[in-house]
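Colleague: If you scroll down you'll find the structure; I have some questions about it.
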Amino acid sequence: MTSTSKAPSPATGTGTEPYVAPRLDLVGAWKALRALMADREDTTQVFKIMKALTGKSLWKQYQRFAKTDVGARIIAEDISLLDTLMDREALSKLPEGSLGRVYLDFMIREGLTADGLVDASDDTLSRFNDRGLQIYAGRTRELHDLWHVVTGYGRDGLGEYCVVGFSYSQTKSLGFAAISLMGAIDLTRKFPRQGVFKAVRQAFRIGRQAAWLPAADWEALLKEPFEDVRATLKLAEPTYYKAAAHISEQTLPEPMPEAQPALVAAE
């Protein structure tokens with residue numbers, strides 16, 4: 001059933017029409033999940049899954065974000081995290097060992113760009129009639145690679161399914177849960193009794209126990225020492241994922257001739 005949130009944006013008060021939560025499209029989500037399992041680098045399928053399974057979660061999380069001091073400021077000042085993450089020159093001047101430098105090293109090593117997910121997300125942001133909601137949705141999209149870095153989950157198959165499991169606990173978006181669980185089932189078939197589900201379950205748990213990362217002041221945290229940031233955000237070590245390093249080694253993505261987006265993000 002389609003539901004309508006009748007209140008305007010809690011931070012901006014500029015929503016001229018009520019936000020209508022999209023219907024859950026289980027058939028569309030299933031088709032996109034199957035396509036994603038066939039080609040893990042097909043990021044367009046990720047956004048189809050997220051759109052199909054968004055429901056009320058995005059609006060609820062946006063309202064929570066807008067009520068925080070950081071969220072209210074970001075919306076009021078229309079701050080773009082993407083602009084910050086794309087400025088590699090500025091990131092390169094941050095102190096050695098800072099989150100920003102560790103993030104930059106990760107992006108260069110993996111052949112990624114901060115705006116890599118923008119094209120894959122298609123019209124995800126333009127369909128929202130509230131500017132604050134656009135800012136929040138865009139920010140959560142841009143956080144995906146940062147979350148890879150701070151959580152310690154790599155871009156291998158197991159690492160991706162762990163980081164999206166972590167993302168579900170943080171955002172409550174069913175799309176993340178579906179991708180994570182479907183991926184875990186797929187990997188378990190290839191690596192039976194080798195700790196896949198232990199790693200993924202731990203990722204869900206780490207996400208529940210951590211601070212709420214969408215409302216973190218990432219622009220400021222980029223300047224801070226990496227380990228201090230992890231401590232501030234209450235991020236536990238992904239011990240089961242690290243114990244399954246042999247799976248990670250066998251599920252690494254193909255080398256990219258050009259910078260391409262990593263798996264997942266948004267909403």
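The values are calculated or read from the model by the stated rules, or taken from the named source; none is laboratory data. From a predicted model like this one, the values you see are computed outputs, not experimental measurements. Note that each Cβ is placed from the backbone with ideal geometry, even for glycine, and that neighbours are counted across all protein chains shown. We work out accessible area using only protein heavy atoms, side chains counted, and drop any ligands, DNA or RNA first. Shrake-Rupley method; radii C 1.70, N 1.55, O 1.52, S 1.80 Å.
Colleague: Which of the pairs Lys172/Lys223; Lys31/Lys51; Lys190/Lys242; Lys48/Lys242; Lys198/Lys242; Lys56/Lys172 have their Cα atoms more than 21 Å apart in this structure?
Modeller: Correct reply: Lys172/Lys223; Lys48/Lys242.
Colleague: Once both labels are modelled 7 Å past Cα along the beta-carbon direction, what's the Ala243-Ile185 spacing in nm?
Modeller: It is 2.5 nm.
Colleague: Please list 3J(HN,Hα) in residue order for the stretch 206-212, calculated via the Karplus relation 6.51 cos²θ - 1.76 cosθ + 1.60 where θ = phi - 60°; whole Hz, with x for glycine and proline.
Modeller: 4, x, 5, 8, 6, 4, 7
Colleague: Still on this structure, I have one more. What is the set of long-range amide H partners of Ser98 at a cut-off below 5 Å, with H atoms built 1.01 Å from backbone N?
Modeller: When sequence neighbours closer than 5 places are left aside, the close amide H contacts are Phe226.
Colleague: Turning to a different aspect of this structure: Figure the gain on full extension for Trp30 and Val70 (residue separation times 0.36 nm, minus the Cα-Cα span) and round it to one decimal in nm.
Modeller: 10.8 nm
Colleague: Determine ³J(HN,Hα), in whole Hz, for all residues of the stretch 168-178 in sequence, where each value follows from phi through the Karplus function 6.51 cos²θ - 1.76 cosθ + 1.60 and θ = phi - 60°; x replaces Gly and Pro.
Modeller: 4, 4, 7, 10, 6, 7, 4, x, 5, 5, 5
Colleague: Moving to a separate point now. Over the stretch 64-106, with every protein chain in place, what whole percent of the accessible area is carbon and sulfur at 1.4 Å, could you tell me?
Modeller: Accessible surface attributable to carbon and sulfur in the stretch 64-106 totals 49 percent.
Colleague: A further question on this structure: Under the √(5λ) rule applied to the eigenvalues of the Cα gyration tensor, what semi-axes describe the equivalent ellipsoid of the stretch 132-267? Give them in Å, descending.
Modeller: Whole-Å semi-axes of the equivalent ellipsoid: 24, 16, 15.
Colleague: Enter the accessible area per residue of the stretch 153-254 (Å², integer; probe 1.4 Å; all protein chains in place).
Modeller: 44 Å²
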